[in-house]
Structures are given as C-alpha cells and as structure tokens.
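Read-outs: derived from the displayed coordinates by stated rules, not from any lab. Keep in mind that what you see is a predicted model, and the values were worked out from it rather than measured. Cβ placement follows ideal geometry from the backbone for every residue including glycine, while neighbour counts extend to all protein chains displayed.
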Amino acid sequence: MNLTALTLALLQLSLYVALAPLLAGWVRKVKARLQNRRGASVLQPYRDIYKLLVKETLVAHTASPLFRAAPYVVFSATWLATSAVPLVSTGLPAAMIADVIVVAGLLALARFFLTLAGMDVGTAFGGMGASREMFISALAEPAMLMAVFTLAMTAHSTNMASVVEYQLAEGTILRPSFLFALSGLILVAIAETGRIPVDNPATHLELTMIHEAMILEYSGRHLALMEWAAQLKLMLYGALIANVFLPWGIAQGSGAGELASGLAAAVVKLGLLGAALAASETALAKMRLFRIPDFLNLALLLALLGLLSYVILEVGA
Amino acid sequence: MTHTGLNAAALAVALALVSSFVSLFTVWSPRLLRVAAMPLFGLAGLAALAAGLVALAQADVATAELPLGLPWLPWRVRLDALSGFFLCVIGVVSAAVGLYGPGYVRGFESGRDSLPALGGFTGLFLASMLMVTLADDAFFFMVSWEMMSLSSYFLVAFHHDIAANRRAAFMYLLMAHIGGMAILLGFGVLASFGDGLAFDAMRGAEPPFGWASAAFALSFIGFGMKAGLVPLHAWLPEAHPAAPSHISALMSGVMLKVAVYGFIRFFFDLIGQFHWQWGVAVLAVGGVSALAGVLYALMQHDLKRLLAYSSVENIGVIFIALGLAILFLSAGHATLGTVAFAAALYHALNHALFKGLLFFGAGAILHSAHESNLDQMGGLLRRMPWTGYFSLVGCLSISALPPFNGFVSEWLLFQSALQVWRLDSGVLRTLIPISAAALALTGALAAACFVKVYGVAFLGQARSRHVRRARPVPYSMRAGQGMLAVLCLALGVFPATFLGLINAVPQQILGRGLNQTLAGGWLWLTPVRPDVASYSAPLVALTLIMLAGLAVWLLGRRSVFRTRRCDAWDCGFAPPTPRMQYTATAFAQPIRRVFGLLFHIEESVENQDDGKPRHRLDISDRTWGLLYLPVARVVEGAARRISYLQSGNVRVYLGWTLVTLLALLWIVS
C-alpha cells in the first residue's frame, strides 16, 4: 500500500465524517422548505454535535459498562464501513480490505451494539426499540445483500471500487437486473436509515419510535457519537446508491483536479438524492409497524428478482 | 504404531478411558471427579488436539491394525488430514471442558446424582467420538458410533428424576438407532460393491448411479439425523438441554461435528462421486434447516433449548456449504468447490468453539443463579462480568459479525455462492442465489436471536430474586470460557493462518488445496482472484480498534467531559421496575407475528380462580404434527395389527414357527 493510496483512504474517511452532518442538515432544510417552514440552517447538525460534545454526559445508575462502550463501537464500525464505499474516487485501497459483505457485516456489528445499548438500562423503551430494530433489520439485511450481490455478480467482484469501475467501463446499459436491484436497495436504505415511512427520525412519540427509543438514555458526547453514526450511515447508503448505480463523475485517478471534480459530482448527486428523500418524506406518512414487513418483503422480492433476472437473462448475453 | 499422530490419538483415547475408569471410584470419594477425572478428560482433549495438529501439519496418512475385533476382521485405524481436523475440533472443546468441568461438577457432589455415571459416560463418550474419527472400516466405525450414541444417551438421562428428561432421552435413543440403521445400510451398499468392510475397499468401489444414490440417501438420512437436520431434528432441542451443561457443550459443539465428519467421510471420501441432484438435495435440506433452526431458536425462552435450536441452524449452514461444494464439484469447478468445502470445515470448527462457549455461559448461569429461563434473567453482566464478556464474544461470533470467526465462514460461503454465474445449468443458477438469500436471512435472524439472548440475560435489570443474587463462577469455569473466547477471536482475526492449517484436508479429499484463497499470505483471503474479492481480517480488526481508540482519545480523556450517574428516564412517572422491561418473548413478538405460519402457536388468556387473567403462550414445532405424529400413528396401528398373532396359545406360536421355518427353507433352496 503506497502513500497515495493511504492518503486517499484517509481523505475519504475524513470526507465522510465531515460531510455526513451536512447531508442530514440538507435533508432537513429541504423538508422544511417543502412543508412551508423556513427550517434551521443546513449547518445545524454541526452545531448540535458541538453542543452535545461540550455538555455533561449522564449515565443511568442501572447502566453497565457496555452502555458506555457502545457509542464508540457503533461510531467506529459505521465509520470503518464508509471507508469501503467509494465517494470521490475509485482508487480506494480500503475497498480491498473490506468488500461489500464486510461493509454489511460492519453495519450489522454497529446495529448489534446499538440494540444492546438500548436494552442495557432496563427501561421498556429501550427493549421496544431494540426489538423493532432487529425485526426490521432481519428483513432488510438480506434484501440489501441480494441487491448488492446482483451488482457484484455482474461486475464479477464484491469489491465496491471494482464494481464502480466496471460500471464506468461498461457505459450506460439499461439492465433489468439493475433496475430491480436499485429499487430494492432504495427501499432498504429508507428502512435501514430509519426514515419515513418506516421510522421517523424526528419523532419522540413513544409508540412509534424505533431508533430514537434505543438512544433515549444517551446524552452528551455519547449521544453525539450515536447521532453522528446515524448520519454516517445515511451518507453511506446515499453514496452506495449514487456512486454504484450512477457512477458518472467519480474520479478514477488520484490527481487533485480529478478528485475535486469527483467531490463536486458526489456532492451534487448526494444533494439530489437528499432532496428526493425529503420530498418522499413530505409526501408519505409513516406506516404502522406491522405494515413494514410488506414494505421490506417488497424490497427483498425486488432484490431477488434482480438477482434472478441477472442469472437467468443476462449471464450468457 | 510408530506415527506420532497415531500415538497421540491412541494416548487420547486411553486417557479418556482412564478418566472414565477413575470416575467409578467417585462412589467412595466424590472429589475424585473434580480432581482426577475432569483433568484427565482435559488432557485427553489436548492429546487429541496434538494428534490432529500433527496429522494436519504432516498431511500424510498413517494406518494401523488393532488387535481387536473379529478374527477375520481386525479393527483398522487410519489418521489422515480429515480425521486430524475433526480430532482438533473434538480435542479443543474437550480441553476446554476439562478446564470448565471441575467447577461445574462441584455442584453435583452434594446432590443425589450418580457421579460414577456422569464421569464414566463422559469419558466413554469422548473415547468413542475419537474412535469414530479414527475408524478405517465400517465395523469399527459402527461399533464406535453406537458407543457414542449409547454413552450420550446415559448423559442425556442423567437427571432422570425429571420425566421430561427421560422422555427426551428415549426419543434420542430411538432416533439414534433409526439413524444408525440407515448408516449401516449405506455401508452395506458400498461394501457389496467394494467387496469388503474396509474403507479402502469401499473407496475403490464404483457403484452405478442408482446404487450410489441409494447409499447417498441412506447416509444423508443417517448422518443428517445425528446432525439434527430438519425435519429429523426433533430429538435435538429435547436432548441437548437435558444433559448437564458441559455435556450439552460437547453434544452440540462436538457430537454434531462427528456426524458432519461421518457425512464427509462417507460421501466425499468413500463414494467419491459428485452428482448435481445430490448437491441440490443437500443444499435444500441445509437451507431449510438453517432457516427453521434460527426461527425456532428465536421463539425459545429457555436458554439451553434456544442454543440447541441454534445448533440446528448452524448445522444447516454447514450443509449449505457442503451442498454448494457438491454442486461446484459436479460441474467441474474444482476451485470453487474447494472454497465451499473449506467454508463448511471452517464453520464446523467455528460452531464447535462458539457453541461450546455459549453453553458454558448457560451452564455458568445455571450454576450460580439456578435459572435457565431467559424471562427470569437480567443484569447478569454486572453480577458475573467475566462470564458476561466471554458470552458477548460468543454472541458476536455466532451472529457472524466481523472481525469474529463466524463471519469468516459466512464470507467464504457467500463468495463461493456468488460465482454461480460460472455454472451452465439455469436451474442451478436460480437455486443457488435463493439459497444465498436464505443464508442472508438466517444470518440476520441469528443476530436478532443473540441480541435477544444477550440483552435479556446479561443486560437490563434482574427479573427475579435468585438471579439478582447470582455470584461469579469459579476461576476454572471462567478459564474454560476464556479459552474458547480467545480462540473465537483468533480464528476471526487470522483466518488465513488457520485456513492454511486445514488446507491439507481438501488436498487429500478433493485432490486440490486452497492455494488461491491463501495466495495473499496471512493478511489476505482471496477465494477466487484478488480483484474479485478480498478480505483482510487483521486490517479490519486493527482499523476498528484504531478508530475506536481515536474516538475515545479525542472525547474521553478531558476532564470537561465528565459523566454523572443519574436515574433512568421515567417519563416523569413512577421509576421503571424490572417487570417493565421487554422479556425474551416480547422481544421476539414482531418476528413471531411475521413468520407465524411456521409455528404451531397456542395463545390464550385464562381467568384464574383469584380473578386475575393469565396469559398463556405455547409455541411448538410444526414437524411434530406434520411428520412424527403420523409416523407414530402408523407404527402403533401396525403394532396393533401384528398383535393379533399374539393369541397366548402355545400351539399357535409353534405353528407360526413352523411356517417361518418352511418359508425360510423355501427361500434358501
């Protein structure tokens, strides 16, 4: 691993961690505008994180050491997962170390600790959030894997950087398998990042909370890390959809100009995706919990259809 | 016998038998079990591990003849890489049991339980499992196999004062014998084509497809029954929890692997033909077992029963891998077949480690809190921190999370499944992705299951008084758990090193090693080609630790960021009580609702005499109603018909004897 590659990897890691709050703020801003509100500045998430970082951290009497360790594990596992999904350039050494199955595994590791932390204090809310989160992810994770497997099989690689390069080299071919996989992945991304109609990130209404219920006991820097990890996850899914399915504009080398244009393309694509997310969140209402399996089964079915239409229709062609 | 490995294996068997013999004297001195029998058991495990490692490292074949058996049919033993690998699996868990056992059996010393039976059959159980892996002819194999079944039967029936345990043990004995019969018939088919009971003769046999299929089906049923494949798994969740916990660890962690060994030996080595139809059968049964196992595990609230069902799931995963291996080998893709085969072996080893670890954890809870019902537990991480942290490692490993060992085998399995586009048959190209989807669903559900286990048992607050008073377990029990926990992490972080060790197995059995997978050195796994897929577990683990360390360093050390203890948020009402927590049953409720059709659920609210309503929920296995009860009914009906023969009149019996003799004479002539 030479120096350029290492620099690129570090650059990507810091870009993710620096830009993730911006994406969250942008989605919130667009949503506010669509709802005829002025909304907070797009920089508000940075201020929130700063505020939380300097505040006192409260830990419940009943909490075990795992409660205090969990935010660090959740944050670092999510952060490490982002290192393998190309953001500005395909020259990504971290994609060698961790392929897309490892990315899914790292997200699962983060989720494991998030749910355990939810159950640690011993309140009803934490258990409820944990139960629901695992219920949703049990259905969403296979759908996500099937969707990315479609890509991986087409590109003959599970390395995300190679998949993007393959996409760029092939040019725009409208493959039915990709359409299925893309729609499946979008549904999964909505469920996994806890957006409407599966979960509402802005709610604190007891009966509808999922993600918020698990982190209810957190405060101060622990909460900051948990929130930041959630924003990183949103950005990771955004980059996965934007760069893998619509790879245009991403840099293939490591020149400064290329990287700058790659960054610009990534910002534009993520901005558009964020706006689309805000629009769909404005248009849709949150579903009842037991309607969510229908939603996720659709995602799984679409992803599986993508995979099957690849192995049946496209392998020889 | 001059081969080092064989000598070590013989030593292991001898030590296990000595441990069994020493236990007989516990009638006079109960301490003997703790101070002599269990350490000897652990030493036997270490010797087996050494024998296995020698066999894997030398990658040769050593054979010997024992001065036992029938005059014209001496018992033959053989130590090759496959036997060596499974000796390692048996040895490492047994060594851990040797560490853990002394503390655990102490609880039995003052009780009314029969210690000679416990120690005696435990030693015999280990010796017979070792002999199964060493046997080189069908006769010795079957003798050892039956010994294994019988000795474990007595261990299942150890707490025989409980009626449910007696029933479980009988069920186990019955199914073990049906399975044993199927295996015997399978050997019979091969022996008649290979002209002899020695495995060498069977290897040379070239049975036609029809007969080979019959042998395959018989062995699949026989070994599958022992391994607990759905729908032949019904004995497993009854029998494994009934035994003492260190025996449960041996049964779930090791005995099921001996069944996997039997299947691999019989199918990959002795039959040695690969047909896609068989691969499809193995793949389908494996997939169904994995999914059904994990779903039933999720529904359990008895910790040991849950772990037993989760064994069904993991055996299913191993058979998915074996099915993929057969499919790829039958299509001529030897490299991919080898990857899937190695994934099966690696998962077998991993499952032995983490299931042993988790059963040790369940045993520790049983030992110090006398509780196996999850719905009564809670807060155990603070009561018994070491057990808690080791069990966390077990839960992370079994949920297939990086950088632990369960993830590596799942990763290899996905990688081989993703190469399905190389196959020519459209049917297989459709089938394998579906099995990959089943595997992904299984993994996600397993994570949900073990979040439930850990969250309900170790986190939160104690739900009953005796659990609140749990004490840490003795050091020896912690040491046994710690050993397995460290190995789980080591196998997850350095997979290439350990896969390099077991590389000799596919080299001998399939004639092809994992050269491509291990081409990148100890840092990398590259199953097909480096640009197709690569995973560097050491670097992932290192980066994970570095990033977490960075976050802690930035945020945790400055004094401005002090933490303060306070009460949990109670919405401004009364403080939360332990009874308000989610229970294991509540945790699984959404999943029960979605997959409700797969379970037989009886739910009702009854009004009790004191006027308080009581909620009752029974979830039972659907296979009982679908498979076992009809079979039982048919058998009972047939027995009733046959009983007409039994008139009680001696002349009628003599008549029957005469008719039988005449019929036999007619057949012979």
### Message
Taking 35 Å as R0, compute the FRET efficiency from the Cβ-Cβ separation of B:I434 and B:A59 and round it to 0.05.
### Response
0.45
### Task
Estimate the FRET efficiency between B:R512 and B:A14 by the formula 1/(1 + (r/R0)^6), using the beta-carbon distance for r and 35 Å for R0, to the nearest 0.05.
0.45
### Message
Kirkwood Rh and Cα-based Rg: tell me the resulting Rg over Rh for region A:3-314, rounded to two decimals.
### Response
0.96
### Query
How do B:K226, A:K55 rank when sorted from fewest to most other Cβ atoms within 10 Å of their own Cβ?
A:K55, B:K226
### Counted charge near B:S110, where neighbours are those whose Cβ lies closer than 13 Å (Asp, Glu -1; Lys, Arg +1)
+2
### Task
Only helical DSSP H runs with n ≥ 4 go in: add -39500 (n - 2.57) per run for the protein assembly as shown, normalise by residue count and round the 222 nm mean residue ellipticity to 500 deg cm²/dmol.
-22000 deg cm²/dmol
### Query
What does the average come to when, for each residue of peptide B:414-424, you count the partner chain Cβ atoms lying within 10 Å of its Cβ?
4
### Task
Let me know the charge dipole size of the protein assembly as shown about its Cα centre in debye, to the nearest 20, where only the beta-carbon of Lys, Arg (+1) and Asp, Glu (-1) is charged.
2520
### Query
Points 7 angstrom from Cα along the Cβ direction at B:A490 and B:R31: gap in nanometres?
3.3
### Query
In whole angstrom, how far apart do the alpha carbon centroids of region A:253-295 and region B:35-63 sit?
56
#### Entry: Too-long pairs where the Cα-Cα distance tops 25 Å, listed order kept, from A:K31/B:K452; A:K233/B:K304; A:K55/A:K269; A:K233/A:K269; B:K226/B:K452
A:K31/B:K452; A:K233/B:K304; A:K55/A:K269; B:K226/B:K452
### Task
Work out, step by step, the length gained on full extension between B:L554 and B:C571: first 0.36 nm times the residue separation, then minus their alpha carbon distance; give nm to one decimal.
2.9 nm
### Residue mean of other protein chain beta carbons inside 10 Å, B:254-261
0
### Query
To the nearest 10 degrees, how steeply does helix A:3-34 sit against the main Cα axis of chain A, on a 0 to 90 scale?
60
### Query
Using modelled backbone amide H atoms (1.01 Å from N, in-plane), which distant-in-sequence or interchain residues come within less than 5 Å of B:Y535's amide H?
B:L525
### Message
Taking the Cα centroid of region B:442-470 and of region B:112-173, what is the distance between the two, rounded to the nearest whole Å?
### Response
31
### Query
Under a point spin-label approximation (7 Å from Cα along Cα-to-Cβ), what is the B:L658-B:L626 distance to one decimal in nm?
5.2
### Query
What would the Debye formula give as log10 I(q)/I(0) at q = 0.08, 0.09, 0.11 Å⁻¹ for the alpha-carbon point model of chain B, no solvent?
-0.62, -0.78, -1.15
## Note on the structure
For B:K257, A:K233, B:K452, ascending order of other Cβ atoms within 10 Å (fewest first) is A:K233, B:K257, B:K452
### Task
Return one number: the angle in degrees, 0 to 90 and rounded to the nearest 10, between the long axis of the Cα atoms of helix A:65-82 and the longest principal axis of the Cα atoms of chain A.
20
## Note on the structure
Given Cβ charges of +1 for Lys and Arg and -1 for Asp and Glu, the option among A:T57, A:L270, A:G253 whose Cα lies farthest towards the positive end of the dipole of chain A is A:T57
### Query
How do A:R28, A:R33, B:R616 line up, fewest other C-beta atoms within 10 Å first?
B:R616, A:R33, A:R28
### Message
Just to confirm the number: angle between the C-alpha axis of helix A:292-309 and the first principal axis of chain A, 0 to 90 degrees, nearest 10?
### Response
20
### Query
Calculated FRET efficiency, B:S643 and B:S464, Cβ-Cβ r, R0 56 Å, to nearest 0.05?
0.65
### Message
Name the residue from B:P527, A:G194, B:F359 whose Cα lies farthest towards the positive end of the charge dipole of the protein assembly as shown, charges +1 on Cβ of Lys and Arg and -1 on Cβ of Asp and Glu.
### Response
A:G194
### Message
Please compute the modelled spin-label separation between B:D609 and B:R593, points set 7 Å along Cα→Cβ, answer in nm with one decimal.
### Response
3.6
### Query
Got a sec? Charge dipole of region A:70-176, +1 on Cβ for Lys and Arg, -1 for Asp and Glu; which of A:V163, A:A84, A:G105 is way out at the positive end?
A:G105
